[in-house]
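Notes follow once the structure below has been shown.
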Ligand SMILES: [Zn+2]
Ligand SMILES: [Zn+2]
């Protein structure tokens, strides 16, 4: 069963007296790090998406992009851009 990794979380919070327990199923998107909740008994991969490049469960938006851009890589690209701008003397 792919995608059932540490990315997925199931959270149960006890409510106060008379409150019902809150139950949340969800996962952290492997691309944008967004916390996505899914309805109980819903397969997060089915409801959202799965990236076979980085083997991560991803959110609907990232799944729709059909590209693999994990957030680590986006940060690297951002930093590389900043460094390039500095070296060209274009900063500010
Ligand atoms: Zn995402
Ligand atoms: Zn990916």
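A short reminder: the numbers here are calculations on the coordinates, not readings from a lab. Bear in mind the structure is a predicted one, so any value in this text is a computation, not a measurement.
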So residue 60 and residue 78, fully extended at 0.36 nm per residue minus their Cα-Cα distance, gain in nm 4.2 nm
Extended-chain gain in nm, criterion 0.36 nm per residue less alpha-carbon gap, residue 87 and residue 35: 15.1 nm
Could you give the spread of the C-alpha atoms of region 27-92 along their three principal axes, from largest to smallest, in whole angstroms? 54, 20, 15
